[in-house]
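Peer 1: Input: one structure, supplied below.
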Amino acid sequence: MAEKGPRSGASIGNPYIIDRPLSDEDLFVGRTRALRWLRDAVSYGERLLAVGGGPGIGTTSFLLHLARMWEGETTALYVDLAPEAKTTPAALLAQLTTAVRDFVCIGSPAEVEEEESLPASLARAAEVAAPKRLLLLVDGIGKKPVEPGEWAQVVAELRAALAGCPSLLVVLGVEEPAGPGAMAIQGVPTYQLDCLSADESEELLRNLGRARIGYEHGAIRAIYNLCGGHPYLVQAFGFVLFERLGGEGRVTYHDVLSVEQEVVEVGNPVFGRTWENSSPAERVVLAALQSLRGRHGVFTRRDVQDGARWQGVELPDQIISDGLRLLVARKVLRPLSQEGYEFAVRLFQNWLAANVTLANVVREVSHSKKAALSVGLRWPRRRVNWGTVLLWVALIAIVVSAFVLWSERGSGQLTTPTPTSRVPVVASPTLSLGLLGTKIAYAQREHADATWDIWVMGYDGTDPVRLTNGPRNNIQPAWSPDVRRIYFVSDRDGNREIYVMNADGTGQTNLTRDGSEDWTPAVSPDGKTVAFASIRDGNWEIYVMNADGSRPTRLTRNTAADYSPVWSPDGSRLAFQSNRDGNWEIYIMNADGSNQQRLTYSDATDSSPAWSPDGSQIAFESYRDGDMEIYVMNADGSNQVNLTNEHTANDHGPTWSPDGTHIAFYSNRAGGWDIYTMKADGTGQTNITFSPVHEQAPAWQPYQRR
């Protein structure tokens, strides 16, 4: 973890750590691959090794944990060179030698020569540690602005000590091993620490907050998407949310978004160090990217050039290439394809937007003469292609005329369309005629600080109508089979409850009326039973109740979390998601809770199952490709196929059309949350709500059953 002063006003007992590295008494999550790499390297005879990464990645915490893990085999001596004020090779070696001498004096009454060299001091220390091996952990390399050759002299002294001391093992902790610190450890086998996985991030958040606060699945996912699993920032989210909720309650997706900027401020030391460690070419590229917000951190090489031009700067191709290459090497950026990139930590782009401008960076770089940037601080001159302009004017006129004629259909006079918050869209040509007249219910909010409400629209995104309107959130709509009612979740009574209303929004009624959280409703095909998830018995379990809210009955009994139930078309089974095997997977069971079986086996999250109308397939969302995608599989779990294949965004919440030919879902691929439809084979993906507002959780209306 990154070193940072204590946060003023922090509540007593906040379990999330942001002011110090993790000690041997703290929860330590992940890093199994790094530990395995170290063990394998030592078994092959390596005795000088290095681990590290970017600022706040947890290098110090890893070294301290390493000492605990190897406690039975070694005696550990930890030395941090970063606090040393002087940065000459002599000063650094003196600091390291003094620490070793102090260790010898504590472990042995023998006199220690003041002028003894580092190799000699380490030889004495190894004798004190015997019969165990001496594990020397040298931290702080790369954190100081010293020349590479100066660090190399420290490493050379350590090599000399290893030559004369067979029982010595040295592990170096290095900041930015792929960047400026790389020369300091040239020739030393190095493992670059990466961010935590989605499951590791979830384990950290849930385990630390277990006794005090809980997290919705969507909240966990949002935190991971924003910070990319960066361990310090995961803890920062937990810390800030713990403070926001007063140490108790349940974190929602909305809570996460509301503290985003505050976490950016808490993470300022991490972001600042990342910026300081950047080369001139990297800084220019990052400054160009800060103007591309709203794309969820995804961009191409061309976007970098366009972003610079929008700020009045023309960037040479070589500068862009060098900057992107170095940023990928330092894992500030991730390559998505030959041309696509994304921020490893999406919040870093927020920090850049608040602290960096391309004009200032170019001036600083040009004045420092550290990079030959052929840039001009003016808008690049472009020739206007008037033929193209006239063509676009003609196309716009045609579209406007078509829309006016469409809006006047069925009437003999000019009408004024009712204004809505959505840009009008044209019906998708990929949808079948059998879907004409069907509707999609969904949740919408105007902006990140607004509350969610339930809306309905035509199957093609037209004619949106608002059904709920209040100061609290209304989410997760689910149709009754006769399409006369919509079940949904609302927190209007202080906690999330299952509600029902008529399809026109009237008669809104609380069905569950329980002090605990209830959510993810699903109505049985006969309309008599509603399945839902609840934490009323102290753990998230699947329940069923009568359609009027009576006789709630618990179906699952597991110490892990179970939610998102969905009925098979014949009403005999339920699919749901659970993390009972250590990871979110899709399961099925009989309608009475018996015969629970696992369908998916992936190391990544699988969630939000949706049964096809004919019962032969189950659509779901999965993070197995590094981003959330819509998958489909046979009802027995076989033949799992990625339908969306859009690796620059996240796709969620599949719902089948009543004829089984299409799937609706929501995605952030257009810069905000919109609802899309596609054919059941994944083709014909179409944005039907392209608008500045947020739309999520679509529920396709079934064919009416009487």
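The values are calculated or read from the model by the stated rules, or taken from the named source; none is laboratory data. What you are looking at is a predicted structure, and each value in this text was computed from that prediction instead of being measured. As a convention, Cβ positions derive from the backbone with ideal geometry for all residues, glycine included, and neighbour counts pool all protein chains shown. The area values use the complete protein model at the heavy-atom level, side chains included, leaving out ligands, DNA and RNA. Shrake-Rupley method; radii C 1.70, N 1.55, O 1.52, S 1.80 Å.
Peer 1: Got a number for residues in segment 126-144 being more than 45 Å from the chain's Cα centre (by Cα) and part of a helix (DSSP H, G or I)?
Peer 2: Going through segment 126-144 one residue at a time, the tally reaches 2.
Here is a yes/no grid of residues against (1) surrounded by fewer than 22 Cβ atoms within 10 Å (Cβ to Cβ); (2) assigned to a strand (DSSP E or B); (3) modelled with pLDDT of 90 or more:
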position: THR644; (1), (2), (3): no, no, yes
position: THR648; (1), (2), (3): yes, no, no
position: PRO654; (1), (2), (3): no, yes, yes
position: TYR666; (1), (2), (3): no, yes, yes
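Peer 1: Name the single residue, out of those in segment 244-259 being part of a helix (DSSP H, G or I) and modelled with pLDDT under 90, that is most open to solvent (accessible area, probe 1.4 Å).
Peer 2: Looking at residues that are part of a helix (DSSP H, G or I) and modelled with pLDDT under 90, I get ARG244.
Peer 1: From the list TYR459, TYR442, TYR487, exactly one residue is at pLDDT 80 or above, in contact with a Leu (Cβ under 7 Å, 6 or more places away or on another chain) and aromatic (Phe, Trp, Tyr). Which is it?
Peer 2: Answer to the check: TYR459.
Peer 1: Please find, among ALA575, ALA610, the residue that is in contact with a Leu (Cβ under 8 Å, 6 or more places away or on another chain), free of Cβ contacts under 8 Å to residues at least 60 places away in the same chain, surrounded by 19 or more Cβ atoms within 10 Å (Cβ to Cβ) and not hydroxyl-bearing (Ser, Thr, Tyr).
Peer 2: One residue alone meets the criteria, ALA575.
Table: residues versus (1) in a loop (DSSP other than H, G, I, E, B); (2) under 22 Å from GLU200 (Cα atoms).
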site: MET589; (1), (2): no, no
site: SER594; (1), (2): yes, no
site: THR600; (1), (2): yes, yes
site: ASP614; (1), (2): yes, no
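Peer 1: Kindly evaluate GLY5 against the criterion of being at pLDDT 85 or above, exposed (fewer than 15 other Cβ atoms within 10 Å of the Cβ) and part of a loop (DSSP other than H, G, I, E, B).
Peer 2: no
Peer 1: At pLDDT 85 or above, more than 30 Å from VAL270 (Cα to Cα) and either open to solvent by less than 40 Å² (accessible area, probe 1.4 Å) or touching an Asp or Glu at 6+ places or on another chain (Cβ under 8 Å) (or both) - does that describe any residue in segment 134-155?
Peer 2: Yes.
Peer 1: Related question: From the residues in segment 437-454 that are part of a strand (DSSP E or B) and in contact (Cβ under 8 Å) with a residue 24 or more places away in the chain, which one is farthest from ARG496 (Cα to Cα)?
Peer 2: Among them, the one singled out is LYS439.
Peer 1: Being without any contact (Cβ under 8 Å) to a residue 24 or more places away in the chain and either in a helix (DSSP H, G or I) or touching a Cys at 6+ places or on another chain (Cβ under 6 Å) (or both), is that true of even one residue in segment 225-241?
Peer 2: No; the residues of segment 225-241 include none that is without any contact (Cβ under 8 Å) to a residue 24 or more places away in the chain and either in a helix (DSSP H, G or I) or touching a Cys at 6+ places or on another chain (Cβ under 6 Å) (or both).
Peer 1: What's the total number of residues in segment 61-102 that are within 13 Å of ASP139 (Cβ to Cβ), open to solvent by 10 Å² or more (accessible area, probe 1.4 Å) and out of contact with any helix residue (DSSP H, G or I) (no Cβ under 6 Å at 6 or more places or on another chain)?
Peer 2: Within segment 61-102, residues that are within 13 Å of ASP139 (Cβ to Cβ), open to solvent by 10 Å² or more (accessible area, probe 1.4 Å) and out of contact with any helix residue (DSSP H, G or I) (no Cβ under 6 Å at 6 or more places or on another chain) number 9.
Peer 1: In addition: Which of the residues spanning segment 314-329 are surrounded by 23 or more Cβ atoms within 10 Å (Cβ to Cβ) and under 23 Å from the mean Cα position of the chain (by Cα)?
Peer 2: Residue satisfying the conditions is LEU327 alone.
Peer 1: Follow-up question, since we're still on this one. Tell me which of these ALA219 doesn't satisfy, since it passes every other one: (1) assigned to a helix (DSSP H, G or I); (2) open to solvent by 40 Å² or more (accessible area, probe 1.4 Å); (3) not charged (D, E, K, R).
Peer 2: Condition (2) is where ALA219 drops out.
Peer 1: How many residues, within segment 678-696, are open to solvent by less than 30 Å² (accessible area, probe 1.4 Å) and closer than 17 Å to TRP455 by Cα?
Peer 2: Counting residues in segment 678-696 that are open to solvent by less than 30 Å² (accessible area, probe 1.4 Å) and closer than 17 Å to TRP455 by Cα gives 6.
Peer 1: If I ask for residues that are closer than 13 Å to ILE498 by Cα and either aromatic (Phe, Trp, Tyr) or open to solvent by 40 Å² or more (accessible area, probe 1.4 Å) (or both), which ones from segment 516-534 would you list?
Peer 2: TRP519, PHE532
Peer 1: Which members of segment 237-271 meet the condition of being under 21 Å from LEU333 (Cβ atoms) and out of contact with any helix residue (DSSP H, G or I) (no Cβ under 8 Å at 6 or more places or on another chain)?
Peer 2: Within segment 237-271, just PRO269 meets the criteria.
Peer 1: May I ask you to list the residues in segment 489-534 that are closer than 13 Å to PRO552 by Cα, assigned to a loop (DSSP other than H, G, I, E, B) and of a type in the set (A, V, I, L, M)?
Peer 2: LEU511, the sole residue that qualifies.
Peer 1: Can you confirm whether ARG513 is open to solvent by 30 Å² or more (accessible area, probe 1.4 Å), free of Cβ contacts under 8 Å to residues at least 60 places away in the same chain, of a type outside the set (A, V, I, L, M) and under 30 Å from GLY626 (Cα atoms)?
Peer 2: no
Peer 1: Quick one: would you say ALA281 is farther than 30 Å from ARG212 by Cα, in contact with an Asp or Glu (Cβ under 6 Å, 6 or more places away or on another chain) and touching a residue at least 60 places away in the same chain (Cβ under 8 Å)?
Peer 2: The answer is yes for ALA281.
Peer 1: Suppose the filter is of a type outside the set (Ser, Thr, Tyr), open to solvent by 10 Å² or more (accessible area, probe 1.4 Å) and free of Cβ contacts under 8 Å to residues at least 40 places away in the same chain; does GLY615 pass it?
Peer 2: The answer is no for GLY615.
Peer 1: Looking at GLN349 and the list (1) outside any helix (DSSP H, G or I); (2) open to solvent by less than 40 Å² (accessible area, probe 1.4 Å); (3) in contact with a Phe, Trp or Tyr (Cβ under 7 Å, 6 or more places away or on another chain), which single condition is not satisfied?
Peer 2: The one condition GLN349 does not meet is (1).
Peer 1: Select from segment 486-510 the residues that are open to solvent by 10 Å² or more (accessible area, probe 1.4 Å) and among the polar types (S, T, N, Q) and list them in ascending order.
Peer 2: ASN495, ASN502, THR506, GLN508, THR509, ASN510
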